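Novice: I'd like to ask you about the structure that follows.
Just so it is clear, none of the values below were taken in a lab; they were calculated from the coordinates. In this text the structure is predicted, and so the values were computed from the model without any measurement. FYI the Cβ positions are ideal-geometry reconstructions off the backbone, even for glycines, and counts take in every protein chain you see.
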Amino acid sequence: MSSHSYHSDLLSRARGAFIGLAVGDALGAPVEFMTRGEIKEKYGVLKEMVGGGWLRLNPGEVTDDTEMSLCLARAIVKARGWNRKQAADNLAGWLKSKPIDVGDTCRRGIRNYMLHGTLETPPNEWDGGNGAVMRTLPIGLYTAGDAALLEACSLEQAHLTHNHPLSDAATIYLGRLLHLALAGSSMHRLRREAGHLIEKYPKFSFDPYKGLATGYVVDTMQTVLYCFFRSRSFEGCVVDTVNQGGDADTTGAIAGALAGAYYGEDAIPARWRKKLSKDVLTEIIELSEALVKLSPQFRRN
């Protein structure tokens, strides 16, 4: 593959990952906190951006998963590298804007920064939620091609709000899976990487799938990995994921990011893209390209 083709493919996968995160978030948000049975009864199989739900969203409207990812992406692009204080400032500005939704652990961590300048929340056995892993995509794009940089930045961004070994592991390994997908690796290679996570932390084992899609980071990752590895398309992966219910905006966002990086932006249904706000979509495309152009993977090929 020529350098031009390689760069073109990497940029496309980066755009696919970030657009995928947003469409997964927007598709899943209206069924957040519903059970699989309730979704089936109401929608059969949810395949369209219907809006509504407990947040009374417009069809295609995104939530905190996408908004916090945009905060981190803007911080990295502005600083032309990872800057924890810039990231914290952006998250603080977002929280002040009274977002439509924000998790309790994220709110607490950001407020601690606003009140005390705390850039690393202390370890807490109750902070095993999915709030750090759901916003880690910008780190994955910026660090593509450098595993050590990925780990260092992942932990710093996670610890702004979540300091828990299972949250840390999920954040790092999602980043590794994203790196592999961005590089065009096979499904078999990604499955092997997921196996390494499970060897270190057996709780993440997803086969057989336990059917839990809560905000607990273990349940979240089990759902995403189970649906991703049995899918054969971007749409199939994201639809399967959000129809599990539970924390469907976050599982949908994470699955969408991973599937978008793996299948590429052209695999994302046009009908979903069209439902996103034009401003959000434009910014996502600009930021995803800018992030991956800063990455070691892009600069050395």
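Novice: Looking at Ser295, Leu137, Met68, which one has the Cα that reaches farthest to the positive end of the dipole of the chain (charges on Cβ: Lys, Arg +1; Asp, Glu -1)?
Specialist: Sorting the options by dipole projection puts first Ser295.
Novice: Taking a ≥ b ≥ c as the square roots of the Cα gyration tensor eigenvalues, with a/c under 1.5 meaning rounded and otherwise prolate when a/b beats b/c, else oblate, which class fits the stretch 1-66? Each step should come with its number before you reach the end.
Specialist: On the way: a/c = 3.95, a/b = 2.57, b/c = 1.54.
Prolate is the answer for the stretch 1-66, as a/c is 1.5 or above and a/b outweighs b/c.
Novice: Taking the Cα centre as origin and putting +1 on Lys and Arg beta-carbons and -1 on Asp and Glu beta-carbons, what dipole magnitude results for the chain, to the nearest 20 debye?
Specialist: On the way: 35 positive and 34 negative charges, 100 e Å.
Its charge dipole is roughly 480 debye.
Novice: Hey, another quick one. Taking the Cα centre of the stretch 152-249 as origin and charging only Cβ (+1 Lys, Arg; -1 Asp, Glu), how large is the dipole, in debye to the nearest 20?
Specialist: Working: 9 positive and 10 negative charges, 82 e Å.
So the magnitude is around 400 debye.
Novice: Could you give the length gained by full extension between Asp146 and Leu55, i.e. 0.36 nm per residue of separation minus their alpha carbon distance, to one decimal place?
Specialist: Working: separation 91, 0.36 × 91 = 32.76 nm, distance 3.83 nm.
Gain on extension, Asp146 to Leu55, equals 28.9 nm.
Novice: From the helices alone, meaning DSSP H stretches of at least four residues, give me the mean residue ellipticity at 222 nm for the chain, per-run term -39500 (n - 2.57), in deg cm²/dmol to the nearest 500. Display every interim value, and only then the final one.
Specialist: Values: 15 runs with 192 residues, N = 301.
That calculation yields -20000 deg cm²/dmol at 222 nm.
Novice: Could you work out Rg/(2.2 N^0.38 Å) for the chain, with Rg from alpha carbons only? Mind dumping the intermediate values first?
Specialist: Values: Rg = 17.3 Å, N = 301, 2.2 N^0.38 = 19.2 Å.
Cα Rg divided by the expected 2.2 N^0.38 Å: 0.90.
Novice: Right, something else. At a Förster distance of 35 Å, what's the computed FRET efficiency of Arg189 paired with Lys210, Cβ-Cβ distance as r, to 0.05? Walk me through the numbers before you get to the answer.
Specialist: Working: r = 25 Å, r/R0 = 0.72.
For Arg189 and Lys210, the calculated efficiency is 0.90.
Novice: Just to confirm a number: summing +1 for Lys and Arg and -1 for Asp and Glu over residues other than Val31 whose beta-carbon lies under 11 angstrom from that of Val31, what do you get?
Specialist: Working: positive: Arg36, Lys40, Lys42; negative: Glu32, Glu38, Asp247, Asp249.
Surrounding charge for Val31 is -1.
Novice: A further question on this structure: Could you give the length gained by full extension between Ser277 and Thr118, i.e. 0.36 nm per residue of separation minus their alpha carbon distance, to one decimal place? Display every interim value, and only then the final one.
Specialist: Details: separation 159, 0.36 × 159 = 57.24 nm, distance 3.35 nm.
Result for the pair: 53.9 nm of gain on full extension.
Novice: Counting Lys and Arg as +1 and Asp and Glu as -1, what is the net charge of the other residues whose Cβ lies under 14 Å from the Cβ of His7? Walk me through the numbers before you get to the answer.
Specialist: Numbers: positive: Arg13, Arg15, Lys293, Arg299, Arg300; negative: Asp9, Glu289.
Local charge sum for His7: +3.
Novice: Pull out a ≥ b ≥ c, the square roots of the eigenvalues of the alpha-carbon gyration tensor of the stretch 138-183, then state rounded if a/c is under 1.5, prolate if not and a/b is larger than b/c, and oblate in the remaining case. Kindly include the intermediate steps, with their values, before the conclusion.
Specialist: Working: a/c = 2.40, a/b = 1.76, b/c = 1.36.
Here the stretch 138-183 falls in the prolate category.
Novice: With the crude spin-label approximation of a point 7 Å out along Cα→Cβ, what separation in nm comes out for Ser233 versus Asn83?
Specialist: Distance between the two pseudo-spin positions: 4.3 nm.
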